[in-house]
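Right, one structure below, let's go through it.
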Amino acid sequence: MNSLGKVVLVGAGPGDMGLMTIRGQEYLEKADCIIYDRLLNPRLLSIAPANCEKIFVGKANHLHTVPQDKINELLYEKACKYKLVVRLKGGDPYVFGRGGEEALYLIDKGVQVDVVPGVSSSIAALAAAGIPVTHRGVSKGFQVITAHSKKDALADIDYLKLTDETVTYIFLMGLSHVGEIARGLIAAGRDAETKVAVISNGTTNHQKKVVATLNDIDEAVAVARIDSPAIIVVGEVAKLEKELNFFEQRPLFGKKIFLPVIRGFDYTLGNPRKSFFENELESKLIEFGAEVITACSGAIKPIECDLKFLTELKENAFIVFTSANGVKAFFWNLFEVNNLDSRAISNVKFACIGQKTASTLKEFGFNSDIISEKQTGEDLALALNGILDSSSETYWFCQKNTSELFEKNIDSKIKLNKIVCYENKQLEYDNSEDMKEKISTCEMAIFTSGSNATFAIEQFGNNVPKKIISIGPACSKTIINLGYEVYKEAEISSYDGIMELLL
């Protein structure tokens with residue numbers, strides 16, 4: 001029986017998280033070891049199990065790339081140690097990714113190999129820039145060409161074979177040679193006015209592009225300060241980029257936002273679910289085109305609670321939630337810790353702070369009997385005061401070190417059982433000079449809680465953008481007390497309220 005593990009070559013796509021295939025994600029979720037390159041979204045690594053070994057073999061900060069023969073040897077070494085090794089490569093493993101070389105080496109060593117295709121930047125980056133790779137009446141096909149050879153020299157390209165005006169020519173890894181490529185095509189007979197597009201960081205929210213002609217593309221790239229990685233597209237399909245430019249027309253495209261976040265505990269119907277993003281707001285901002293720089297200030301951790309008392313509750317007892325995290329932690333305790341199910345709370349009524357918390361409760365199959373109009377503890381307390389009396393059983397599932405607004409405003413005649421079911425644990429955070437530089441280049445910051453505001457301002461100080469968006473009054477008060485001004489405050493204290501403000 002073969003004792004060697006399996007190596008899977010997985011294409012990570014060109015940068016947009018949503019372009020990772022389902023099959024690729026399934027392998028990442030089971031990987032014992034990931035050997036990865038530079039040109040992929042680093043968030044993909046968070047999909048892997050916590051004990052997965054992650055090894056970087058790409059080029060960064062002008063360090064030399066790990067030689068291909070050393071990568072081949074490393075893959076074999078890890079296949080001898082682990083059951084599943086994922087070779088994670090930007091784009092597609094077989095589109096100038098040297099995946100074929102790695103696969104042949106491993107097969108020769110007796111290692112089982114599989115490949116998961118990835119979305120190639122040669123197609124995806126064009127689509128994101130509004131350029132169809134083929135178009136009826138304009139381009140009948142396309143050709144992908146590497147413009148890179150050893151020691152950063154221009155590849156040996158036969159330009160006489162690239163003169164068909166009905167074909168789209170796509171050059172990868174050729175940004176530093178764009179002028180030479182243009183001159184080579186002109187010398188081979190291409191019209192100097194042929195359209196050319198150069199797309200940098202395609203499919204990401206910091207994508208840039210420039211469209212010119214073969215005659216002036218070199219100068220246009222220099223003026224636009226296009227950075228690598230970049231793709232060069234030669235062909236009349238580039239003329240369609242304004243009409244088909246959906247990706248760059250998103251309302252927050254080009255905005256760079258600093259967002260300190262708390263890593264949530266994402267639990268639903270009996271199982272934790274994984275997310276690429278630290279929280280829902282980050283996901284929304286990226287969906288609408290923003291580039292988001294996050295700094296994680298903490299993580300929500302559920303606390304085990306004994307819920308056996310639920311089976312002995314009187315009818316019309318109330319369970320109170322002042323956050324969506326409280327809802328998730330409660331049901332985690334119900335299902336996972338206490339081995340109970342919904343029958344244990346069949347006679348219970350629920351009170352929730354705002355629509356967001358109520359909608360989270362509904363995900364678990366329960367409607368809220370009371371929902372505060374405003375997303376504040378004070379408003380929920382006043383709503384309960386109007387209907388409860390001293391005979392009411394009330395159980396508040398909340399955070400350790402929670403805000404006092406709810407507890408302070410609840411009528412003293414109401415017996416309130418406070419049950420701490422989750423906490424915000426401090427995490428190590430990235431306070432490197434590189435992170436500070438990234439934050440300082442953001443045009444605005446969004447603070448979603450007083451604790452996030454305090455964390456960001458205390459840790460990053462003068463690097464925090466002056467334009468600060470606040471989620472609501474309590475958060476704004478903290479920001480002002482820290483000596484900063486609030487640029488704008490959401491009318492509704494929620495993620496949706498912030499998105500309404502931005503859009």
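Look at (1) surrounded by fewer than 20 Cβ atoms within 10 Å (Cβ to Cβ); (2) modelled with pLDDT of 95 or more; (3) touching a strand residue (DSSP E or B) at 6+ places or on another chain (Cβ under 7 Å) and you find that Glu304 fails only one, number (3). The residues of region 4-33 that are in contact (Cβ under 8 Å) with a residue 60 or more places away in the chain and part of a helix (DSSP H, G or I), listed by number, are Met17, Leu19, Arg23, Gly24, Tyr27, Leu28, Glu29.
Within region 114-138, residues that are outside the structural domain of Gly13 (by TED's automatic domain parsing) and among the hydroxyl-bearing types (Ser, Thr, Tyr) sit with their Cβ atoms under 9 Å from residues that are in a helix (DSSP H, G or I) and surrounded by 21 or more Cβ atoms within 10 Å (Cβ to Cβ), at 6+ positions apart or across chains, in these pairs: Thr134/Val237. Being on the phi > 0 side of the Ramachandran plot and either free of Cβ contacts under 8 Å to residues at least 60 places away in the same chain or in the same structural domain as Ser228 (by TED's automatic domain parsing) (or both) is a description that does not apply to Arg38.
If we keep just the residues of region 341-364 that are in a helix (DSSP H, G or I) and β-branched (Val, Ile, Thr), which is nearest to Leu405 (Cα to Cα)? Give the derivation first.
Within region 341-364, the first condition is being in a helix (DSSP H, G or I), and the residues that meet it are 342-345, 354-363.
Keeping just the survivors that are β-branched (Val, Ile, Thr) gives 345, 357, 360.
Numbers: Ile345: 27, Thr357: 17, Thr360: 21 Å.
Among those residues, the one meeting the criterion is Thr357.
For region 137-156, the criterion of being surrounded by fewer than 20 Cβ atoms within 10 Å (Cβ to Cβ), at pLDDT 95 or above, within 13 Å of Val234 (Cβ to Cβ) and of a type in the set (S, T, N, Q) is satisfied by at least one residue.
Can you find a residue in region 9-24 that is modelled with pLDDT of 85 or more and touching a Pro at 6+ places or on another chain (Cβ under 6 Å)? Steps first, please.
Taking region 9-24 as the starting set, the residues that turn out to be modelled with pLDDT of 85 or more are 9-24.
Next, only the ones that are touching a Pro at 6+ places or on another chain (Cβ under 6 Å) stay: 9, 11.
There is at least one residue in region 9-24 that is modelled with pLDDT of 85 or more and touching a Pro at 6+ places or on another chain (Cβ under 6 Å).
Checked against (1) of a type outside the set (Lys, Arg); (2) touching an Asp or Glu at 6+ places or on another chain (Cβ under 7 Å); (3) surrounded by fewer than 19 Cβ atoms within 10 Å (Cβ to Cβ); (4) free of Cβ contacts under 8 Å to residues at least 60 places away in the same chain, Ser390 passes all but condition (2).
Considering only residues in region 34-54 that are among the charged types (D, E, K, R) and assigned to a loop (DSSP other than H, G, I, E, B), the one that is nearest to Leu74 (Cα to Cα) turns out to be Asp37.
For every residue, the table says whether it meets (1) buried (at least 20 other Cβ atoms within 10 Å of the Cβ); (2) touching a Phe, Trp or Tyr at 6+ places or on another chain (Cβ under 8 Å); (3) within 25 Å of Leu19 (Cβ to Cβ).
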residue	(1), (2), (3)
Asp164	no, no, no
Leu185	yes, yes, no
Val198	yes, no, yes
Asn215	no, no, no
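The values are calculated or read from the model by the stated rules, or taken from the named source; none is laboratory data. Keep in mind the model is a prediction, meaning the values are calculated, not measured. When we count neighbours, we look across all protein chains shown, and the Cβ atoms used for this are built from the backbone with ideal geometry, even at glycine.
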